[in-house]
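One structure below.
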Amino acid sequence: MFDKLFPPKKMMLPGGKIVLQKRSRTPLVVLILAVCTVLSAQFTNFSFPVLFDRIHEFFTIINKMIPPDWGSLSGIWSPLLDTIKMSLLGSIIGAWIALPVAVAASSNIVQSRIVIIISKALLSLLRTLPTLVSALIATFVFGLGSMAGTVAIMLFTISYVGKLLYEQIENVDMGAFEAMESLGMTRLEAFRFAVLPQVLPGYISTSLYCFEGNVRYAAILGLVGAGGIGLLINEGLGWRDYPAVGMIILVLIVTVYAIERVSEHFRKKLI
Amino acid sequence: MNSIDKQLAAAPRNQLYLGTIAIILAALFVWSMTAVSFNQIDQNSLKIAKNIVHGLTHPDTELLFNVSKQSVLYLLLETVAIAFLGTVVGAVLAVPLAFLAASNIVPKPLSWLTRLLLIIIRTVPALVYGLMLIRVTGPGAFAGVLTVGITSIGMLAKLYVDAIEELDTRVLESMTSVGCTTFEKIRFGIIPQLMSTFLSVMIYRFDMNMREASILGLVGAGGIGAPLIFAMRSYKWDQVGSILIGLVVLILMIEFFSNKIRAKLVRG
């Protein structure tokens, strides 16, 4: 299509041979991107004058956050621990549930096409649902509190770990599996001894990585009433108590960084 | 003792290590169990769950397909616009930060400081930026664009840095040896190496920003989140159903195309 509109450039080589050089697609892509950018800018009322005029407000808020209000530290611990508990519990349960779902979704282990399609569709549906939305729905069913947050994190973990795990299982070397089956093992036994050892390091590493991300997600779930530190952030910003918010953010950064370090250490060991 | 037994005996024994980790994990699990309680679930919540499922399976088609400013289609378009422009803003802002954080370009202390800044930017939750930026621009899609932009910087810059640090410097050396100017070296030596990775990372981030933009409405920063939360708060589950269906279909479509384009970019 593109080549018909803009015919390739003809070039005569010294030997008399004619070669075609296809026109670069870069100008077209740049044009499309530029048009999209302008349209989006109009659609969202993006304006530089407003931005330059009022961006100092943003830095005023940041200035007020420094120095943080150390006095509010004592009230932060309990919601912070709640946040960590929520993400830990959600990640552990979610990672466990992801294992059977991922096995049911991998086409080299399960033979029934229907089971595979249903499990894959379930995983991608869960993955597209933003965590905050599932947390909101969960607050209606499980009431306000960390239970709802845990459920939301669990659902996200299932979808994330499940997807990466079934991709791993599908890429596994099936030779050992077939050999064990031919020796008279059942499919389940063969899976346990041939496939699981191959995917286990990847599975644990993905789960750990997911847990890291979940701590971040859990921090905002409180905004919709699903427990944890988000509630405090929301209150602090609502009351314009910026030093307290600064303290929460500082504590959050330290916690997330520490968890990332620990999990990175173990992930490096696994692979 | 045959060779198989010998091999088995020679295998490393780290039961103590594994056992310790298992015990720590079990303890953490039990500890985190204290966060949840089941006593809030009663007859009522089952009824609500039933209503939700009913609403999700019987969506409000009127809301889904009309063409006014409250329709799902319009709101989805707004969400895409926020995510797209936010990605562009973030991608532009991330480039200088990425070069400042690459340890093969700037001195170690500076790169370390920039990395620290990136970690801080990445850790602050998107909704916090949203709430702060609303004070700057007022509620609306503009605040959403800025929020998405700032939240994108962290990840984009981190992945850019990886690409910059893997730059093949031999290409630059050979260009110097044939007498290229600095501009030519950047244009023909550096940009071709970085462009495909940068683009691929941007498209990936756009994919993620769709999700981000769809929840920003919760704090009033435009997009489909606000109607979603209003519908939920007023228990109109059929409207929630139609919004969620629209959102899920759109996100799946964008994911499909972004995977296609990225696969093409990687293969060159």
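Please treat every number below as a calculation from the coordinates, not as lab data. Just so we're clear, the structure is a prediction, and the values are computed from it rather than from any experiment. Here the Cβ positions follow ideal geometry from the backbone for every residue, glycine too, while neighbour counts run over all protein chains shown.
Worth pointing out:
- In a reduced charge model with +1 at each Lys and Arg Cβ and -1 at each Asp and Glu Cβ, the range A:2-65 shows a dipole moment near 620 debye about its Cα centre.
- Think of the protein assembly as shown as having a plus end and a minus end, set by charges on the Cβ of Lys, Arg, Asp and Glu; of A:ASN45, A:LEU122, A:ALA194, A:ASN45 sits farthest toward the positive end of this dipole.
- Across peptide B:48-59, the average count of Cβ atoms from other chains found within 10 Å of a residue's Cβ is 1.
- Rounded to the nearest 20 debye, dipole of chain B from Cβ charges on Lys, Arg, Asp, Glu: 220
- As a proxy for reagent exposure, A:THR60, A:THR44, A:THR26 were ordered by neighbouring Cβ count within 10 angstrom, fewest first; the result is A:THR26, A:THR60, A:THR44.
- Considering only A:VAL254, A:VAL101, A:VAL29, the Gaussian network model of chain A with Cα springs below 10 Å gives its largest mean-square fluctuation to A:VAL29.
- Look at where the Cα atoms of the range A:5-23 and of the range A:89-113 average out, and the two centres are 53 Å apart.
- Judged by the gyration tensor of its Cα atoms, with axes a ≥ b ≥ c, the protein assembly as shown is rounded; a/c sits under the 1.5 cut.
- For the range B:80-85, 3J(HN,Hα) per residue [Karplus equation, 6.51 cos²θ - 1.76 cosθ + 1.60, θ = phi - 60°, Hz, x = Gly/Pro]: 4, 4, 4, 5, 5, 5
- Phi-derived couplings, Karplus 6.51 cos²θ - 1.76 cosθ + 1.60 at θ = phi - 60°, listed residue by residue for the range B:160-165: 4, 4, 4, 5, 5, 6 Hz, with x used for Gly and Pro.
- Within 10 Å of each Cβ in A:114-126, the average number of Cβ atoms from other chains: 1
- Rounded to whole Hz, the Karplus (6.51, -1.76, 1.60) HN-Hα couplings of the range A:215-229, x for glycine and proline: 4, 4, 4, 4, 5, 9, 4, x, 4, 9, x, 9, x, x, 7
- Average partner coverage of B:78-90, which counts Cβ from other chains inside 10 Å: 4
- Over chain A: helical MRE at 222 nm, DSSP H runs n ≥ 4 each giving -39500 (n - 2.57), nearest 500: -25000 deg cm²/dmol
- Chain A shape via C-alpha gyration tensor axes, a/c threshold 1.5: oblate
- From the alpha carbon centroid of the range B:201-242 to that of the range A:28-74 is 19 Å.
- Of the residues B:MET210, B:MET33, the one with the fewest other Cβ atoms within 10 Å heads the list, and the complete ranking is B:MET33, B:MET210.
- Mean residue ellipticity (222 nm) of chain B, computed from DSSP H runs ≥ 4 via -39,500 (n - 2.57), nearest 500: -25500 deg cm²/dmol
- Inverting the pair-averaged 1/r between distinct Cα atoms of the range A:115-212 gives 15.3 Å as its Kirkwood hydrodynamic radius.
- For the range A:115-271, a crude dipole built from +1 on the beta carbon of Lys and Arg and -1 on the beta carbon of Asp and Glu, taken about the Cα centre, is about 200 debye to the nearest 20.
- Sorting A:TYR166, A:TYR242 by the number of Cβ atoms found within 10 Å of their own Cβ, with the fewest placed first, yields A:TYR242, A:TYR166.
- Relative contact order (percent, whole number), the range B:46-267, Cα cutoff 8 Å, 6+ residue spacing: 32
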